[in-house]
Amino acid sequence: MNFEAFHKIEERAFYALAAALGLVVLIGLGAAHYMETHGHVVTGMNNQIVWGLPHVFAVFLIVAASGVLNVASIGSVFGKPIYKARAPLSGLLAIALLAGGLTVLMLDLGRPDRLIVAMTHFNFKSIFALNVILYTGFFAIVATYLWTMMERKMYGFSKYVGFSAFIWRIALTTATGSIFGFLVARQAYSSALLAPMFIIMSFSYGLAVFIIVQSFMYAWNGMKLDLAILRRMKNLLATFVGAVMYFTIVYHLTNLYFAKQWDFERFILLEGGVFTTLFWVGQMLIGTLIPLALLLHPTLGTRCKTVVWAAGMIIVGGFAQLYVIIIGGQAFPLNLFPGMQQSSSFFDGVIHHYQPTLPEFLLGMGGIGIAFLLTTIAVRVLRFIPQDDFHHVSKEMLTD
Amino acid sequence: MGDLLGRYRSLRVFMDACVHCGACTDKCHYYIGTADPKNMPVARQELMRSVYRRHFTFAGKYFPSLVGAQDLTEELLQDWYKYYYQCSECRRCSVYCPYGIDTAEVTMAGREILDTVGIGQKYTNEIMGKLHRIGNNLGLPGPALEDTLLGLEEDIFDATGVPVKLPLDAEGAEVMLVTPSADFFSEPHVESLIGYAKVFHAAGIKWTLSSKASEAGNFGMFIGSYDNMRRAAMRIRDAALDLGVKRIVVGECGHAWRVAYSFWNTLTGVGHGGEDAFSKQLQQQLDPNYPAPQHICEFTYDLIQQGKLKFDKSLNDHRTITFHDSCNVARGSRMGDMPGGQFVIPREVIKAVANNFYDMQEGTINEATFCCGGGGGLLTDDLMEIRVKGALPRMEAFNNVVQDKQVNFLALICAICKAQFTKVVPYYGFDMSMIGGVHQLVATAILLEVPEETAQESVASDD
Amino acid sequence: MSNNVDNSQNDNEQVNSRRQFLGWGAAVAGLAIAPGVTLLDIAHGRPADEPASSKIRWGMLIDSGKCATGCDDCVSACGKENGFSGKLETDSQWIRKIELKDLRTGNSHSLPMLCQHCEHPPCVDVCPTGASFKRADGIVLVDRHICIGCRYCMMACPYKARSFVHQELEDQNPDVPRGKGCVESCTLCVQRVDRGEQPACSDACAAAGHNAILFGDLNDPNSEIAKRIAASATTQVRADLDLNVGIRYQGI
Amino acid sequence: ADAHEESSSGRVPVPVHPEGKGDKCVRDTAYMKRHHMELLKHHRDETMRNGIRTTEYSLKNCVSCHASKDTNSVLGKNGFCQSCHSYAAVTLDCFECHASKPKATAALNPALGQGLKAGDGSLASNM
Amino acid sequence: MSLLTVLFACMFYAATALLVFGLFFKIRSYARTPAPLKIPTTPAPTTKTGVVLRMTREVTLFESLFKSNKWIWLFGYMFHAALLLVVLRHLRYFTEPVWFWVDIVQPFGIYAGFAMVAGLGGLWARRFLVDRVRYISTPSDHLILALLVAIGITGLGMKFVAHTDIIAVKEFMLGLMVFDLQPLPADPVLLVHLTLVALLMTIFPISKLLHAPGIFFSPTRNQTDDPRDRRHISAWAAKLESGASSKSEA
Ligand code: HEM
Ligand code: HEM
Ligand code: SF4
Ligand code: SF4
Ligand code: SF4
Ligand code: SF4
Ligand code: SF4
Ligand code: SF4
């Protein structure tokens, strides 16, 4: 294996970056503290929109975490060498993004001080509890996976661990999707399509994040990404984006033709104000069509910059998509009495409104900060190749 | 022992602080090479620590078996002798110890104690004797030295047509070069000497060697004796004062550079920043614009930076080079003005004069470099077995780049490394000619202005 | 009144000795409740040390036809009993009055909506910690000692019956502890029901003379509620979800 | 009533709190000192999950006896619960939800047998 | 005043005296022993600030250990970080009113108790499982680990199994500090915990636990790498020069 693949990040830039990210994280924690001491009144969330911006961030990070591991899976499970060289970075990002996402999720709880309760009381019927187990397992498996990749004497196992990580990750995203998919009560959710859709979303967001991080690392070290590699990755990305689009269309079509969720569809697609805009402009235009055009463009598509821009747009589109799914889904009122006009002091029968506030946003950014802070530190620290087994290592190297 | 404890804080702290954590255990090349558990750095310290415990700690006095304390018996002394001469004082273990416990310090103390009880090592002591009598480790007397240098001047002229000079005892020169005596006649050491000379010549700097200070190496360090070390270093001071030089440059030698860099100022005032009369006497003479002492690589690197040297890199194209960080340079001293300069500067010099350079695997270079296996006073044929085994880790890493990158030249900046490797590589199936100095590469690629009258002579490569 | 409690006694004995300690107190307490019980003819007060029984399933029958437009006595009674006002948008509302207008016929009527105390409650299914739970007698509660405030149950409840406490509270009713960061919903006035009284809302409705809310044991064929459900057409809201709710409606 | 306050010479800071009403706690004082949290937690689960409503170990009962005469609360600087808890730096978040003051109605002491009669629906805790 | 209280009070006074004086003398001897030569393990910082930074990294992150061996680092770090939290958590027994930040640490301290024992478990396991480390382990290494594990387990035992009266413990401790004895609860677990702690305090200055102060005096870590710019000379070495001629006789 080529050690030059593990590149060093330059000293000073590292500290500057770490300090900047650290600040973002601190601000995020501060925001969480503010939310906790004052209660959730200081957020835009209320009894109608119970999951707000923090959940958009958290779900994005979690979904992307699982997707970013794709790169490693393609390397280990499907044995593609160019992906193999990137597997450690991919595993690292997976852990970091998941940690960021979970932190946001946890700090947004009404009682974050009861974390210990969440870890000792399990209701196994709850898909959420299942997720807690899947997340913890994900950490463990990916960490083991990283270990097998970094430590030579374990390298032989990396394929098997990689495979279980792959399976685990599919389960994890399925379960994340099912958090919504099993909500029978709500028009927006309650669909078996959500689980596969989340999986494919995770592929697309994850790869986009990976491409951006990777290109930053290359730029930092003054290196150029090989064009052939770039081409392969961007083709894959385009495929994923296409697949997400396909699923989105099918999802809305089933809603229209089979589930007879006319009103909800009219809301999202036509009359939903900010949600409609986010759907068409954010998700479809910025997150799907423009990136597809860029990626598939015969000349533009082979430039590193274009691919990074496209990836960035896919991420923006991803946030828009999750915003529409999570918040749009709640904004549409529950219909308890079909065929009747409903009104009450508790906002029955009207579109619920949600105005995100700064602390929520800062908390979300804090999660992103955590993810990238962890990545930055780990990339720097783990440049040390484990010393213990030099003996073994070199012998193995001879036989390479 | 009590005396040493009182004089060296390092020893006192190191005796107490080790927690037997085991971090250092697999870091010593002699342990890796011999698999003898007593070669684990901590075990090596333990030889002394057990005695320390017995005599200087409460637990050791009253519960010896609990803490593994023992009396200094004849047998134990034998072990001391054996294992304190199986440590090349390379400090690799010190890098990894959480408290920076430096087994080299313990080894030195151990050897000093052994010396006082009369169990000195022949090799080191003989060499010290030669140094004190004659002025260099090889026992090369002044006139012989002069002959050698003249011979070299002729050789260079024959090869290049350039009258490169190797002045000896030239008073009023700007630079005094102190270099390991091996450079004067051993292969491949001489090639580097030629390299230094060419550099001085090309830069047009007046320089000289000194017959009094014809040895940079300081074996006093190996037995950790402050007095011996100081006595050896004094010769340099005297020579510098005699010749009135403004700068002192040290040639390619690892432990020499450590002593020069880290200790000369302390021992003899070769350096800057001294406040006392003793050091001021010399320091007022030295040029404050340059570090004192300066390493030949720093010296060459500076000139390269200033554009004063011209090279044809392609002259080194028949070589694919890797670089071995000598342990004393890597972990006991520095070059340039930033920490870690000792790793950058030699590599930059090599890259400036050659096209094909590859590093060995990370974890075996820079501060993690493996010792050549012959340092610390072990460079004697009596210890051949341990020298071969101790070179194993380095050789493995070397072999990797040989296989992967077709490396055929191991560039060194240490006389001991050169001597050790030329002896040892054959055991590992490599050719002696793969070994050479950094300035040997410089010598190959440097372009000298050929005076008109000799212009017709061709420039030949040097090996 | 000497009772020197021995450290080694287990809890059961504790309870017993405690009763001795209380002596006549407990007995009087039992008696004090009795009149109320017979008067309202709903249920019998359960002894304080007896757990809720699965033989019982508490429920309500709400007659939308009787529910008066403009009245919200049940809502304010609930607030009073449980200690909240529902003034802020983010305040809890365990019960709310919904005005309905049939889009085809133009008929309008109203009804109170509260936690339906589902037999298969989605809120309980999704709760990660098991804080949401269904008591043996069918009352769905949040154990706010282990609720982490994740609000997944709110996402899951088809009736929007739950509220999240967005703010620090003060001066809670000692009988109804509530606090910031947890999710809560109608407890079917469990503190009253356990004493043998009926919920504050149905009480208030009766007091106002509307008698739109009938509280009782759905499992007991002799109870009035069971009889009425057997006799007349009642609806479960969102029957399509098959949750077999404990709150039934009439006249929607 | 309290052992440690007697033995204190005044130089050692000790938690100071009002004495409880009546002459005995629900179990003996030494036991309560160490195990009140177990009693409370056990009772909490019994009440919550099973609807067991004995008063003996109920928080309301504790508060009714231990609320200070001055502030009518178990919290506050010298409040019964808080004095110890801040002394030992043990969190006490119960009173974020539970009333820290006894109910204002009728008799305060359930030992007098009226603790079970409640539920007049008044928001009586603030007085 | 029970005999027990007096006994433990004496024990703590004695242990504290041994700890304080033992450490004082040890540290004094470290500080007084000269370091005649510049021997920082390079690459080393060239400035004082740099050295402080390096030392901080060593002490807070165990940087060298990390470079050396990830497993030992993991367990060692877990143990030490947890130990720190546990000790901070214990400050509540010695301060009144409890410092606010000690209050903040409380909840973490509980997890730390487990982490500490787990970390120690890992460290201990390697003394059995890794040949190299087994070879260098002496009985005392095992005993110190056993001692710390026992302290941890009795502590956790008090927290989770057999509660003690920590109010009384605090009164006892505060009492010790002002020489006004307060009764100590006679719980066996507490007594074991305290005895072991006293033992730990006693052996601290005479065992390898000296690594804690020692690290700050380690010349390979605490020296600046500036021998060419500043003359570094120890008192006894300077004597060699005094009166001596500027030139040697060689
Ligand atoms: C400045 C404070 C300290 C530093 C920087 C420090 C650092 C270290 C390091 C780097 C190790 C080796 C790695 C390992 O085996 O865990 C170690 C081991 C150890 N430390 Fe510390 N330590 C400190 C304070 C303490 C204190 C206060 C104690 C005791 C109460 C302690 C107890 C131990 C023990 C028992 C070991 C040996 C573990 C074994 O036997 O495997 N340390 N320490
Ligand atoms: C004089 C000093 C000490 C006293 C008076 C003391 C007392 C106590 C007490 C009363 C507890 C029970 C805490 C509870 O119930 O909440 C405890 C727990 C504990 N102690 Fe100590 N201890 C002392 C020193 C130490 C030391 C030096 C260590 C570590 C080396 C230690 C480690 C622990 C641990 C790990 C726990 C359990 C976790 C926790 O509650 O923080 N103790 N100690
Ligand atoms: S100084 Fe070098 S040779 Fe000596 S014990 Fe340490 S690693 Fe081994
Ligand atoms: S690394 Fe240091 S402390 Fe650990 S065993 Fe080796 S010498 Fe001792
Ligand atoms: S009190 Fe009765 S009548 Fe009034 S709103 Fe409530 S249910 Fe209807
Ligand atoms: S109505 Fe909602 S809160 Fe009540 S039991 Fe059903 S799902 Fe749970
Ligand atoms: S908010 Fe509380 S009750 Fe609701 S699901 Fe989360 S933990 Fe359960
Ligand atoms: S039963 Fe009680 S808690 Fe539920 S709505 Fe009626 S008054 Fe409110």
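A search for C-beta distances below 7 Å between a residue of the stretch A:275-295 that is under 15 Å from A:Thr239 (Cα atoms) and any residue that is polar (S, T, N, Q) and surrounded by fewer than 20 Cβ atoms within 10 Å (Cβ to Cβ), counting only pairs 6+ apart in sequence or on different chains, returns A:Leu294/A:Thr306. C:Thr129 meets each of the listed conditions (1) touching a residue at least 24 places away in the same chain (Cβ under 8 Å); (2) within 16 Å of ligand 7 (Cβ to nearest atom) apart from (1). Being surrounded by 19 or more Cβ atoms within 10 Å (Cβ to Cβ), over 23 Å from B:Tyr52 (Cβ atoms) and of a type in the set (Ser, Thr, Tyr) holds for only one residue in E:Thr224, E:Thr195, E:Thr220, and it is E:Thr224. Against the list (1) under 21 Å from B:Ser225 (Cα atoms); (2) part of a helix (DSSP H, G or I); (3) open to solvent by 10 Å² or more (accessible area, probe 1.4 Å); (4) modelled with pLDDT under 90, the condition B:Gly118 fails is (2).
Does the stretch E:88-99 contain any residue that is within 12 Å of ligand 1 (Cβ to nearest atom) and farther than 25 Å from E:Leu196 by Cα? Checked against the condition, which is being within 12 Å of ligand 1 (Cβ to nearest atom) and farther than 25 Å from E:Leu196 by Cα, the stretch E:88-99 yields no hits at all.
Selection within the stretch E:135-147: residues that are more than 9 Å from every other protein chain (Cβ to nearest Cβ) and open to solvent by 20 Å² or more (accessible area, probe 1.4 Å). The member of this set that is farthest from B:Gln70 (Cα to Cα) is E:Ala146. B:Leu315 passes every criterion in (1) open to solvent by 50 Å² or more (accessible area, probe 1.4 Å); (2) in contact with a Ser or Thr (Cβ under 8 Å, 6 or more places away or on another chain); (3) closer than 14 Å to B:Val249 by Cα apart from (3). Taking helices (runs of 4 or more DSSP H) as the structural unit, those lying wholly within the stretch B:385-449 and holding at least 3 residues that are within 19 Å of B:Tyr85 (Cβ to Cβ) and not small (Gly, Ala, Ser) correspond to B:415-424. Selection of helices (runs of 4 or more DSSP H) fully inside the stretch B:18-104 by the criterion of at least 1 residues being more than 16 Å from ligand 7 (Cβ to nearest atom) and within 13 Å of chain E (Cβ to nearest Cβ) returns B:29-34, B:41-56, B:58-62, B:64-67, B:92-96. C:Asp72 satisfies every condition listed in (1) closer than 20 Å to C:Pro177 by Cβ; (2) within 11 Å of chain A (Cβ to nearest Cβ); (3) open to solvent by 30 Å² or more (accessible area, probe 1.4 Å) except (1). Every test in (1) within 11 Å of ligand 2 (Cβ to nearest atom); (2) more than 22 Å from the chain's Cα centre (by Cα) is passed by E:Met201 save one, and that test is (2). When A:Pro54 is tested against (1) part of a loop (DSSP other than H, G, I, E, B); (2) under 30 Å from A:Val350 (Cα atoms), exactly one condition is not met: (1).
The set of residues from the stretch E:153-174 being touching a residue at least 60 places away in the same chain (Cβ under 8 Å) and open to solvent by less than 30 Å² (accessible area, probe 1.4 Å) comprises E:Gly155, E:Val169, E:Lys170, E:Phe172, E:Met173, E:Leu174. Pairing residues of the stretch C:100-115 that are more than 17 Å from C:Ala204 (Cβ to Cβ) and within 16 Å of ligand 5 (Cβ to nearest atom) with residues that are among the hydrophobic types (A, V, I, L, M, F, W, C) and in a strand (DSSP E or B), at Cβ distances under 6 Å and at least 6 apart in sequence or on separate chains, gives C:Leu100/A:Met340; C:His109/C:Leu100. Scanning the stretch D:35-44 finds no residues that are of a type in the set (A, V, I, L, M, F, W, C) and buried (at least 20 other Cβ atoms within 10 Å of the Cβ).
Answer with yes or no whether C:Arg248 is more than 16 Å from ligand 6 (Cβ to nearest atom) and more than 30 Å from A:Gly39 (Cα to Cα). In short, no.
The rows are residues; the columns are (1) surrounded by 24 or more Cβ atoms within 10 Å (Cβ to Cβ); (2) modelled with pLDDT of 90 or more; (3) more than 20 Å from the chain's Cα centre (by Cα).
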{"site": "B:Asp382", "(1), (2), (3)": "no, no, yes"}
{"site": "B:Gly390", "(1), (2), (3)": "yes, yes, no"}
{"site": "B:Glu396", "(1), (2), (3)": "no, yes, yes"}
{"site": "B:Asn399", "(1), (2), (3)": "no, yes, yes"}
{"site": "B:Val402", "(1), (2), (3)": "no, yes, yes"}
{"site": "B:Lys405", "(1), (2), (3)": "no, no, yes"}
{"site": "B:Cys414", "(1), (2), (3)": "yes, yes, no"}
{"site": "B:Gln420", "(1), (2), (3)": "yes, yes, no"}
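In the condition set (1) under 29 Å from A:Val350 (Cα atoms); (2) open to solvent by 70 Å² or more (accessible area, probe 1.4 Å), C:Leu61 is compliant with all but (2). Yes or no: C:Ser54 within 12 Å of chain A (Cβ to nearest Cβ) and either away from ligand 7 (no atom under 11 Å from the Cβ) or touching a residue at least 40 places away in the same chain (Cβ under 8 Å) (or both)? No. Determine whether the stretch C:181-193 contains at least one residue that is within 11 Å of ligand 7 (Cβ to nearest atom), out of contact with any Asp or Glu (no Cβ under 9 Å at 6 or more places or on another chain) and within 17 Å of C:Trp58 (Cβ to Cβ). Checked the stretch C:181-193: at least one residue is within 11 Å of ligand 7 (Cβ to nearest atom), out of contact with any Asp or Glu (no Cβ under 9 Å at 6 or more places or on another chain) and within 17 Å of C:Trp58 (Cβ to Cβ). Figure legend. Inter-residue proximity from the stretch C:160-175: first residues more than 7 Å from every other protein chain (Cβ to nearest Cβ) and closer than 21 Å to C:Arg192 by Cβ, second residues among the hydroxyl-bearing types (Ser, Thr, Tyr) and outside any loop (DSSP other than H, G, I, E, B), beta-carbon distance below 8 Å, spacing 6+ or different chains. No pairs are indicated. Summed over the stretch B:121-140, the residues that are part of a helix (DSSP H, G or I) and not acidic (Asp, Glu) give a count of 12.
Annotation: of all residues in the stretch E:93-136 being in a helix (DSSP H, G or I) and hydroxyl-bearing (Ser, Thr, Tyr), the one that is nearest to A:Leu115 (Cα to Cα) is E:Tyr111.
The values are calculated or read from the model by the stated rules, or taken from the named source; none is laboratory data. All values derive from a computational prediction rather than experimental measurement. Virtual Cβ from ideal backbone geometry, glycine too; neighbours counted across all protein chains shown. In case anyone asks, the SASA skips ligands and DNA or RNA and just uses the protein heavy atoms, side chains included. Shrake-Rupley method; radii C 1.70, N 1.55, O 1.52, S 1.80 Å.
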